[in-house]
Amino acid sequence: MRRFLLFAAIVLAVAYAIGIPLFLGQDDDPLPPKADAIVVLAGSDRRLPVAQALFGGGLAPTLVVSADRSGRDPRRATLCRKPPAGVVCVHAGPASTEGEAQAVRQLADRKKWNSIILVTSRFQMFRAGRIFERCVNARIAEHGVDEPWWRNAIAVPLEWIKLGVSETVRRRC
């Protein structure tokens, strides 16, 4: 049992040592002067206000909101109940980043978008960017939202697992 605990502690330490710069050290991409759409992923109630500020600043004529089925984001639920002009709510088939990318791909193909601004938590930028670049035929500019320290602490090891799944089992769109 001691060997297992020591091994687990070492693996966790390495995961954080590499994961903190990889997942939390991501800088925002330079925002284009104009994009076709701003896409905000579900999962945190901090993301939507940032996306709305970018949308309100006139960076894109469309705000795509990934609807959160969990009900943990009442602001998102209210917005998607009766979306105003320029706001489109999508419900990802599988409730995952891959599902969100698939839903956005269909919308982007239909609307013939060339560029999107992707808004998500900073810890998710690396993985989400890879998935969206693989799935959506448009230029992607990533904009990260900072989360509380405790959320980042939980997210780093989980992002390793999600990255492994998205790069092996769920490689396609």
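Taken together, the values in this text are just the output of simple stated rules run on the coordinates, not laboratory data. Remember, predicted model here, so these are calculated numbers, not experimental data. Every residue, glycine as well, gets a Cβ built from its backbone with ideal geometry; the counts of neighbours run over all protein chains shown.
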>> Per 0.36 nm of contour for each residue apart, how much would the distance between Arg130 and Asp27 grow if the chain were fully extended, relative to their Cα-Cα spacing?
In response: 35.6 nm
> Alpha carbon centre of segment 30-54 versus segment 104-173: separation in Å?
Replying inline: 13
> So how many Lys-Lys pairs in segment 2-168 land under 28 Å Cα to Cα, not counting same-chain pairs under 8 apart?
Replying inline: 5
> At a Förster distance of 25 Å, what's the computed FRET efficiency of Asp146 paired with Phe4, Cβ-Cβ distance as r, to 0.05?
Replying inline: 0.10
>> Rg/Rh for the chain to two decimals, with Rh computed the Kirkwood way over all alpha-carbon pairs.
In response: 1.00
> Using θ = phi - 60° and the Karplus form 6.51 cos²θ - 1.76 cosθ + 1.60, what ³J(HN,Hα) does each residue of segment 16-28 get, whole Hz, x for Gly and Pro?
Replying inline: 6, 4, 8, x, 4, x, 5, 9, 9, x, 6, 8, 5
>> Please give me the summed charge of the neighbours of Asp68: other residues whose Cβ is under 15 Å from its Cβ, Lys and Arg +1, Asp and Glu -1.
In response: +4
>> Just to check I understand the Karplus step: with θ = phi - 60° and J = 6.51 cos²θ - 1.76 cosθ + 1.60, what whole-Hz values come out for segment 109-124, glycine and proline as x?
In response: 5, 5, 8, 6, 6, 9, 8, 9, 9, 9, 10, 8, 5, 4, 5, 9
> Which percent of Cα-Cα pairs in segment 1-45 sits in each 10 Å bin, short to long?
Replying inline: 19, 26, 26, 17, 9, 3
>> Highest mean first, how do 123-135, 28-40 rank when packing is the count of other Cβ atoms within 10 Å averaged over residues?
In response: 123-135, 28-40
> For Ser121, which sequence-distant residues (separation of 5 or more, or a different chain) have an amide H within less than 5 Å of its own amide H, given hydrogens modelled in the peptide plane?
Replying inline: Val145
> Got a sec to turn the phi values of segment 133-142 into Karplus ³J(HN,Hα) couplings, 6.51 cos²θ - 1.76 cosθ + 1.60 with θ = phi - 60°, whole Hz, x for Gly and Pro?
Replying inline: 5, 6, 9, 9, 8, 7, 5, 10, 10, 8
